[in-house]
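The values are calculated or read from the model by the stated rules, or taken from the named source; none is laboratory data. Model, not experiment: these values are computed from the prediction. Neighbour counts are summed over all protein chains in view; Cβ atoms, including those assigned to glycine, are modelled from backbone coordinates with ideal geometry.
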Amino acid sequence: MTEAIPIRQEEVPPCARHSIVPRGSVAGTALTLVVAIMAFLASLTLGAVSMVSDTARSWQSDIAREITVQVRPLGSAEDLRASVEAAMAIIENTPGITSVTEVADADIRQLLEPWLGAGLSLDELPVPRLLRLTIDASNPPDLTSLALELSGNVPGASLDDHRTWQDRLTTMAQATVLIGAIVFILMLAATVLSVIFATRGAMASNRATIDVLHFVGAERGYIASQFQRHFLLLGLKGSLAGGGLAIFIFAIAGFWASRNVADPVADQAAALFGTFQVGLSGYIGVGALIIVIALLTAITSRLTVLAQVGGLDASR
């Protein structure tokens, strides 16, 4: 038997240099749609995790810059006022404290209004007075010493450094990032599996052509390159569609949030999820994700073809 001569791509005549994979097949259209959906969901996950993480960092930064001193009423109104003034004097003489302000009675009434109703008289209720302290981040105070000095010299005074809230916010942010990473990996895995099945289906529908090419000496790399180029284009189209739609939704959400700053619904959403502004890093991340999905589609297709053609050689 005459030995087959390996065929390399550069030796193929120009008239024969066309893809052996049908471009307009239903399977190709379905795969493009699947990749677009996966890219869209992955981009949304990436953007949502980025926004929640940025918002959590903003919360932590705000909490770290401010601490609260609570002065509980233990006697008459005059005693409470004297305790507040004594606490403020101690705080103002503490290094690392940039400012101290007393929360106004109107603000306290507004905080209690959802539970106790309007028209409250703070003098008739044992409502603590609150002092808001701003600390110097570059030269923070010794909070332990400050707490001991306040509790020892001012009756009913206690310091809250919000460490519990910081720990909860950190845990929430880490859990959100972990869940987002798991969902992101699952989406990429589903995309890879879809490409594998689509590649095998394309090879099965063109089995006769592949057998003939391989029998006359076409190398595995040449056959794989035909599928790789085809699925790279499909992956690029799908990821561009999905990623572009996600960017459009982020832009619309950011525009809506900027136009409804004073709206209560928008304010609540901004408090939970930030301003819905993904930022330049988020858009760069989505762009990188589009390229990664396209390359992942091409590489998966190539490896699948190499494995399948290698199985043909082994069966022979």
Exercise for review: Tell me, yes or no, whether segment 146-159 has at least one residue that is touching a residue at least 60 places away in the same chain (Cβ under 8 Å) and under 35 Å from the mean Cα position of the chain (by Cα).
Suggested key: yes
Practice item. Starting from segment 235-263, take each residue that is of a type in the set (Val, Ile, Thr) and list its partners that are modelled with pLDDT under 75 and in a helix (DSSP H, G or I), counting only C-beta distances under 9 angstrom and pairs at least six apart or across chains. Key: Val261/Asp267; Val261/Ala270
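Of everything in segment 87-140 that's of a type in the set (S, T, N, Q) and at pLDDT 85 or above, which residue is nearest to Ser76 (Cα to Cα)? Lay out the reasoning, then the answer.
Keep residues of segment 87-140 that are of a type in the set (S, T, N, Q), which gives 93-94, 98-99, 101, 110, 121, 134, 138-139.
With the extra rule that they be at pLDDT 85 or above, the set shrinks to 93-94, 98-99, 101, 134.
Working: Asn93: 26, Thr94: 28, Thr98: 30, Ser99: 27, Thr101: 22, Thr134: 29 Å.
The selected residue is Thr101.
Given the options Pro114, Pro95, Pro126, Pro155, name the one that is of a type outside the set (A, V, I, L, M, F, W, C) and either part of a strand (DSSP E or B) or surrounded by 15 or more Cβ atoms within 10 Å (Cβ to Cβ) (or both).
Pro155 is the lone residue from the list that is of a type outside the set (A, V, I, L, M, F, W, C) and either part of a strand (DSSP E or B) or surrounded by 15 or more Cβ atoms within 10 Å (Cβ to Cβ) (or both).
Filter segment 45-59 for residues that are more than 8 Å from the chain's Cα centre (by Cα) and of a type in the set (S, T, N, Q); which is farthest from Gly254 (Cα to Cα)?
Kept after step one, since they are more than 8 Å from the chain's Cα centre (by Cα), are these residues of segment 45-59: 54-59.
Filter once more, so that each one left must be of a type in the set (S, T, N, Q): 55, 58.
On the way: Thr55: 14, Ser58: 17 Å.
Applying the filter and picking the extreme gives Ser58.
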Revision key, fill the gap. Flagged pairs (Cβ under 7 angstrom, 6 or more apart or on separate chains; first in segment 75-86, assigned by TED's automatic domain parsing to the domain that holds Leu131; second surrounded by 13 or more Cβ atoms within 10 Å (Cβ to Cβ) and of a type in the set (Asp, Glu)) are Val84/Glu102
